[in-house]
1. Could you check segment 224-277 and list, in sequence order, the residues that are of a type in the set (S, T, N, Q) and either surrounded by fewer than 22 Cβ atoms within 10 Å (Cβ to Cβ) or within 18 Å of PRO310 (Cβ to Cβ) (or both)?
2. Considering only segment 70-111, state which residues are more than 20 Å from ALA60 (Cα to Cα) and out of contact with any strand residue (DSSP E or B) (no Cβ under 8 Å at 6 or more places or on another chain).
3. Which of the residues that make up segment 85-98 are touching a residue at least 60 places away in the same chain (Cβ under 8 Å) and open to solvent by 70 Å² or more (accessible area, probe 1.4 Å)?
4. For segment 99-117, give me each residue that is within 21 Å of GLN45 (Cα to Cα), surrounded by 22 or more Cβ atoms within 10 Å (Cβ to Cβ) and free of Cβ contacts under 8 Å to residues at least 60 places away in the same chain.
5. Any residue in segment 311-335 that's within 22 Å of ALA389 (Cβ to Cβ) and β-branched (Val, Ile, Thr): show its pairings with residues that are open to solvent by 10 Å² or more (accessible area, probe 1.4 Å) and outside any helix (DSSP H, G or I) at Cβ separation under 9 Å, as long as the two are six or more apart or on different chains.
6. Does SER84 count as in contact with a Pro (Cβ under 9 Å, 6 or more places away or on another chain), polar (S, T, N, Q) and at pLDDT below 95?
7. Identify all residues within segment 6-26 that are open to solvent by less than 80 Å² (accessible area, probe 1.4 Å) and either of a type in the set (Asp, Glu) or in contact with a Phe, Trp or Tyr (Cβ under 8 Å, 6 or more places away or on another chain) (or both); write none if there are none.
8. Restricting attention to segment 384-395, which residues are open to solvent by 60 Å² or more (accessible area, probe 1.4 Å) and more than 14 Å from ARG323 (Cβ to Cβ)?
Amino acid sequence: VFDEIMEDYEKVIREIKDPNERGFQLALNGKRKAMYRHKYWYDRQLPVDEEVLDGWLQEAWNHYQGVSPQHLEGSISSTLPYFSDGVRTADVSRKSLFLYPDYRDGWFSSVYHSDYFYNWLRKTGNASRLYQSGEDLMMIHAWIAHAFFVRPFPPPGVIDNNFPVSANVLKDVLAFVDQHPKGKLFDRNLVLLILANTAFDGKNKEEGYSYYKQIDLKSLEGSSNRYDYIEKTYFLNSMKQLAINLASIGFMGDAIDLTERFVKNEERVFAYLFMAESVYKQNAEPHAFIYLDSAFSYAGRVNFTDVEGPLDSRYNIILLLSRIGGDQINEKAVEILREIPEGSKFDALLARVVGVSYEGNFYRARMSIPTTLTESQDLDCRTQILLEACKKNEALTGDNHWAAWDRFEAWGWYYVNYLPN
């Protein structure tokens, strides 16, 4: 059906009188066919016929080369979907639509499908011919930002099935821009953040730290504001995760330096909290309390009545303090709990129950459930206690059968929804 639709569509294109517009539309459609088919094969776990895809892309390239530069610089309206039901409409040049290393316009299309077009350009040597200016190179940057588009909720993989951009492709991008005459105009911070965290996730500490040292810390704020709010949220979470990784391997100075690059106090609180938690899990490392003290220091400067819900770190503070335990720390958690407005208090109570359960004191967790809760709220609390008990049991037996569910459940606590003001 798709092939028949494409054939009919190309017949319409070939009837366009203007040879430049006809050539451009044929070029764009050749790219469209290759990107959609490659994503389809990926989704269906079918073998990729590179000969077919390369043929379409070569045809697209040939048509593009025949379009006059004046026509390519012409402006057209482009509407893209954003997040859920949002749209972003702007006037862009025809050239930019083809320069973008993916298909991103028409039929309410996604802005990311796969890395096939970029890899084809590099394989054929056409990348250096296509991307000539610093602005051209930043089209690759925008593609990477869209490839790592993460919804605040649900976690990745629940409703999305994005084609993964490998670390090798990202490294190739850096190598390409490093050799490019205009490469200094390419903002490397996003790519370096991703590569650093990827290396740390793979237990390659030396490589991860090497990528961290290449980040331009002074320009992080500008890099974080380059795109819309979902991309900014991903960027800030990547900064936070890298700070956690640095703290976890003992690079306290670097972890603190990176955390101090966050602009808002409420953003710094989250980073210090998660750094404290990560380090504390390593045999109750004393440095955890240094990070915790910094989190309290910045939290004391925040007027939480003016902070939007997702950036109210008090729930995470209660969760961490309850996990650490001890009379004084537990009392501090209860003290913060009392400050939460009544309408939002249940989330804080739930954090308290989850934290105490994590400590392993299930009786104390049960006794921390107020008798004033609704039946539904009481059930939520008891469910969390049972979940933590299950995790403890699975940790003892080495059973990781429910690891994916555990990641799903923890997502809301650890992926901070940095919303715009």
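The values are calculated or read from the model by the stated rules, or taken from the named source; none is laboratory data. Please read these numbers as outputs of a predicted model, since none were measured by experiment. Here the Cβ positions follow ideal geometry from the backbone for every residue, glycine too, while neighbour counts run over all protein chains shown. Side chains included, ligands, DNA and RNA excluded: accessible areas come from the protein's heavy atoms. Shrake-Rupley method; radii C 1.70, N 1.55, O 1.52, S 1.80 Å.
1. Residues of segment 224-277 of a type in the set (S, T, N, Q): 224-225, 233, 237-238, 241, 245, 248, 259, 265.
Listed by number, the residues that qualify are SER224, ASN225, THR233, ASN237, SER238, GLN241, SER248, ASN265.
2. The answer is PHE83, SER84, ASP85, GLY86.
3. Filtering segment 85-98 down to residues touching a residue at least 60 places away in the same chain (Cβ under 8 Å) leaves 88, 94, 97-98.
The one that is touching a residue at least 60 places away in the same chain (Cβ under 8 Å) and open to solvent by 70 Å² or more (accessible area, probe 1.4 Å): ARG88.
4. Those that are within 21 Å of GLN45 (Cα to Cα), surrounded by 22 or more Cβ atoms within 10 Å (Cβ to Cβ) and free of Cβ contacts under 8 Å to residues at least 60 places away in the same chain: TYR112, ASP115.
5. Listed pairs, sorted by first residue: ILE324/ALA284.
6. Values: in contact with a Pro (Cβ under 9 Å, 6 or more places away or on another chain): no; polar (S, T, N, Q): yes; at pLDDT below 95: yes.
Taking the combined requirement at face value, the residue does not satisfy it.
7. Result: GLU10, ASP18, GLU21, GLY23, PHE24.
8. Residues of segment 384-395 that are open to solvent by 60 Å² or more (accessible area, probe 1.4 Å), as a first pass: 386, 390, 392-393, 395.
LEU386, CYS390, ASN393, ALA395 - these are the residues of segment 384-395 that are open to solvent by 60 Å² or more (accessible area, probe 1.4 Å) and more than 14 Å from ARG323 (Cβ to Cβ).
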